[in-house]
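Data first, discussion second: the structure below is written as structure tokens.
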Amino acid sequence: MGILEVTGVNKRFGGLQALGDVNLSVAENSVHAIIGPNGAGKSTLLNCLVGKLKPDTGTVTFQGDSVLGRTPFEINQMGISRVFQTPEIFTDLTVMENMLIPCFAKRDGAFRMHAFGSIANEREIVERAEHMLEEVNMTTKLDMLAGSMSRGDKRRLEMAMCLVQEPKLLLLDEPTAGMARADTNNTIDLLKEIHDKHDITIAIIEHDMHVVFSLAQRITVLAQGTPLVEDTPENIKGHPKVKEAYLGE
Ligand code: ADP
Ligand code: MG
């Protein structure tokens, strides 16, 4: 059984069947990509996993527990973090100030709101924040305004803000969309490092085949709301159905 199990998920928007009987199993500690043409239902699926949308039917379990009926905050507390297409950071705060927000917001585990009351804990939190920023190579940028940085650096900061919460599953929705090639390659390297260093599962929605084939161990192809095929990158590349439906060959 995977860390994330989706079975029989359907989602309609009025007359439109955005998701039709989606089954998906994401293996623990894998990098699993979900690809498919525009409008295939990729973001809708992700929104069903993080509590932003409620499937009409079906089940979604994370580490054996149902996520359905829980709020996005509760799902985040279960160990699922999501990275959006546009980095969600506070542009008027410095890198370090941004980093401290998720540290203090984490209510379970090591970092509690009331840790504010204790100097020792406060120091521990700052050290932890510094350590995470070091890991994403941002040590020289602690005092920079987050809004003034490149898209790649914003993505690094956002990733550090996610990782400091120690998620078990990282969900990414087109993390390299709109990036220049250099920033895209940096993001690929960053995700590889994160996956190597942390006990983490990554599920990534991505348009850029270079990114998908650089990172993924398993690929699910979604077409018109339904998984068309799931396989290794090697097999996906040559799959006739995939070529026809997605790669346009
Ligand atoms: P993808 O991320 O694969 O491009 P989406 O999941 O965003 O696709 O969309 C799947 C389909 O559902 C599209 O046809 C889209 O227009 C439709 N859709 C998505 N969100 C909504 C919504 N909130 N209301 C109505 N239709 C929606
Ligand atoms: Mg989308």
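The values are calculated or read from the model by the stated rules, or taken from the named source; none is laboratory data. Keep in mind that this is a model prediction, so the values were computed, not measured. With ideal geometry, Cβ positions are generated from the backbone for all residues, glycine too; neighbour counts draw on all protein chains shown.
Summary of computed values
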quantity: Matching residues in the range 162-206 - criterion: being within 16 Å of ligand 2 (Cβ to nearest atom), among the acidic types (Asp, Glu) and either within 21 Å of PHE90 (Cβ to Cβ) or surrounded by 23 or more Cβ atoms within 10 Å (Cβ to Cβ) (or both); calculated: ASP173, GLU206
quantity: Exclusive hit being modelled with pLDDT under 90, among the aliphatic types (A, V, I, L, M) and touching a His at 6+ places or on another chain (Cβ under 9 Å), set ALA245, ALA203, ALA177, ALA216; calculated: ALA177
quantity: One residue from LYS54, LYS11 being among the basic types (Lys, Arg), within 16 Å of ligand 1 (Cβ to nearest atom) and surrounded by fewer than 21 Cβ atoms within 10 Å (Cβ to Cβ); calculated: LYS54
quantity: Residue in the range 22-33 that is touching a Lys or Arg at 6+ places or on another chain (Cβ under 8 Å), without any contact (Cβ under 8 Å) to a residue 40 or more places away in the chain and of a type outside the set (Asp, Glu) present; calculated: no
quantity: Unique residue being among the hydrophobic types (A, V, I, L, M, F, W, C), within 27 Å of THR187 (Cα to Cα) and either free of Cβ contacts under 8 Å to residues at least 60 places away in the same chain or touching a helix residue (DSSP H, G or I) at 6+ places or on another chain (Cβ under 7 Å) (or both) when the list is PHE13, PHE90, PHE84; calculated: PHE90
quantity: Strands (runs of 3 or more DSSP E) wholly inside the range 1-103 that include at least 1 residues being more than 16 Å from ligand 2 (Cβ to nearest atom), touching a strand residue (DSSP E or B) at 6+ places or on another chain (Cβ under 6 Å) and at positive phi; calculated: 4-13, 16-26, 57-62
